[in-house]
Amino acid sequence: MINCSSDIKMIWNEKIECASREEMRALQSERLVETVQRVYHSIPGYRRKMQEVGLVPADIRSIDDLSKLPFTTKTDLRDNYPFGMFTVPMSEIVRVHASSGTTGKPTVVGYTRKDLNMWAEVVTRSLVMAGAHRNDIVQVAYGYGLFTGGLGIHYGTENLGATVIPISGGNTEKQIRLMQDFGTTVITCTPSYALYLAEVMQEMGIRPEELKLRVGIFGAEPWSENMRREIESKLRLKAIDIYGLSEVIGPGVSCECQFQAGMHINEDHFVPEIIDPQTLQPVAPGERGELVFTTVTKEGIPLLRYRTRDLTRLIYDRCECGRTLVRMEKCTGRSDDMLIIRGVNVFPSQIESVLLEMSETEPHYLLIVDREGNLDTLKLMVEVQGQFFSDEIRELQALRMKITHKIESTLGISVDVKLVEPKTIERTAGKAKRVIDNRKL
Ligand code: DLL
């Protein structure tokens, strides 16, 4: 799988993607040293954290010193909302994106022109890993907007020189018509939406053989090998896993190659570590734990040891594709309570803070996540305070609409709210059970 002589590349950046371990470590070390200097001098929060553990930038001489550095978490980003963690003046920031925070405030990230170029490069590498090339027609069915999925894949596709169909998410029948009319060869969306597309396609009486789809690049939420097999047989394409998170860059942090045996991390930009989420110590090589990234080239918002909360392991064995970039296994879960519903990150605490702001409700609630057909559904049962629980259906209906509206505008996804009488939701002496997730991946 080395580059062929034609202008269709099978590895996008061979020098980096096939570098020896020594070459990669030297590059990462050089970039880490420079990044640490930069954040220490430009972000007071980082300087303080380093001083607290008695570190100065000169203590970080290579990638072997990585574990000396303090961690960064979503809370740090929230505490510095919106732009407090940016290392460059706003005049250098050419784009912002955002994802859900643990409470009402989103996590905001900023990109310089150089960051956007780097992002396009890592997405292009990912597309090529997935088997795409410049003759492909790529339908981008991730949402465009503050979410990084749509625009992230978009610019990577243009950089590859393939044709983008920037349709964004939703509008399922139209998605399928365009696949037919435009001859889409690569589809990219969440894996659950891919299954939904297959279902609607069947309802429309369209067989996958009638389409030209050959590759699907799916991510933004966890999915299993079973789901992969189902998508591959229903859509008749090769289903590739792509991973990323807004804080680190967006999609393109890592992606599977044709061998579908773990996602190659673009580690010349994002240096991975695996830690034990309890002890916060690095685990032994190859062991499972929480994935942590240090960005070593980002200008807008560089992050030192960012805790992703995603659970996985790293694979350093040689991959048959020829790339030497380390691989991460499919994510098996998270070390916090974040849910991903229809591709949108949801923290139960976001719902709790909406309910706490309302005088009519009690902070006793239960979230029920299900999958109907291939679409995730979210139901919220919430207790109404005694004096507001009325026999008047109209009054209750108005309250239900008010809560629904508030929650939907906070989360950005639809929710089915059910009001219940006080003391209906089970109380426990220990940790309250706030979420029932009935989805079987
Ligand atoms: O989901 C970026 C993305 C867009 C990735 C499109 C892939 C494709 P966030 O909204 O910040 O960014 O959510 C990041 O989503 O920490 C994981 O928990 C989860 N996630 C992303 N990709 C995968 C995947 C985008 N392939 C959070 N498998 C991450 C499992 C994934 N989980």
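Toward the positive end of the charge dipole of the chain, about the Cα centre and with charges on Cβ (Lys, Arg +1; Asp, Glu -1), which of Y196, L160, L399 goes farthest?
L160
Can I get the semi-axes of the chain's equivalent ellipsoid? Compute them from the C-alpha gyration tensor as square roots of 5 times the eigenvalues, in angstrom, largest first.
Values: eigenvalues 263, 187, 71 Å².
Semi-axes (√(5λ), whole Å): 36, 31, 19.
Taking only DSSP H segments of four or more residues, each worth -39500 (n - 2.57), what value at 222 nm results for the chain once the sum is divided by all its residues, to the nearest 500 deg cm²/dmol?
Calculated from helices alone, the mean residue ellipticity at 222 nm is -9500 deg cm²/dmol.
Quick one: putting +1 on the C-beta of Lys and Arg, -1 on the C-beta of Asp and Glu, what dipole do you get for the chain around its Cα centre, in Debye to the nearest 20? Don't skip to the answer; put the middle values down first.
Details: 55 positive and 60 negative charges, 54 e Å.
With Lys and Arg at +1 and Asp and Glu at -1, about 260 debye.
With +1 on each Lys and Arg Cβ and -1 on each Asp and Glu Cβ, how big is the dipole of segment 339-437 about its Cα centre, in debye rounded to the nearest 20?
The calculated dipole for segment 339-437 is roughly 240 debye.
Expected output is a single nm value to one decimal: the length gained when fully extending between T404 and E426, i.e. 0.36 nm times separation in residues minus the C-alpha distance. What is it? Don't skip to the end; give the middle numbers.
Working: separation 22, 0.36 × 22 = 7.92 nm, distance 2.20 nm.
Value of the extension gain: 5.7 nm.
To check you understand DSSP bridge types, tell me what percent of the beta bridges within the chain (both residues inside) are antiparallel, rounded to 5. Before the final figure, lay out each step's value.
On the way: 42 of 66 bridges.
Among the beta bridges of the chain, antiparallel pairing accounts for roughly 65 percent.
With Cβ to Cβ distances under 9 Å as the rule, what net charge do the other residues near P191 carry (K, R +1; D, E -1)? Could the numbers behind the result be given before it?
Values: positive: R228; negative: E221, D241.
Every neighbour counted, the sum reads -1.
Considering only C-alpha atoms, what is the centroid distance from segment 108-162 to segment 181-215, in Å?
If you average the Cα positions of each part, the centres end up 20 Å apart.
Once R0 is set to 35 Å, what does the formula 1/(1 + (r/R0)^6) return for the Cβ-Cβ distance between R47 and E329, expressed as a FRET efficiency to the nearest 0.05? Display every interim value, and only then the final one.
Working: r = 35 Å, r/R0 = 1.01.
Computed FRET efficiency for R47 and E329: 0.50.
Considering the options G131, M24, F147, tell which one lies farthest towards the positive end of the dipole of segment 1-335, charges being +1 on Lys and Arg and -1 on Asp and Glu at the Cβ, about the Cα centre.
With unit charges placed on the Cβ atoms, the residue in question is F147.
So the label point goes 7 Å from the Cα of D276 along Cα→C-beta, right? Which residues of segment 53-82 then have their backbone N under 11 Å from it?
Under cut-off, by backbone N: nothing.
For labels at T103 and E392 in the simple 7 Å Cα→Cβ model, what's the distance in nm?
Going by the 7 Å Cα→Cβ label model, 3.3 nm.
Once Lys and Arg get +1 and Asp and Glu get -1 on their Cβ, which of T312, T172, S62 lies farthest toward the positive end of the dipole of the chain?
Looking along the dipole axis, the top candidate is S62.
What's the exposure ranking of T148, T163, going from fewest to most Cβ atoms within 10 Å? Mind showing how you got there, number by number?
Values: T148 28, T163 18.
Arranged by neighbour count, lowest to highest, T148, T163 become T163, T148.
All of the numbers you see were taken from the coordinates with simple rules; none came from a lab. These figures come from a predicted structure and were not determined experimentally. FYI the Cβ positions are ideal-geometry reconstructions off the backbone, even for glycines, and counts take in every protein chain you see.
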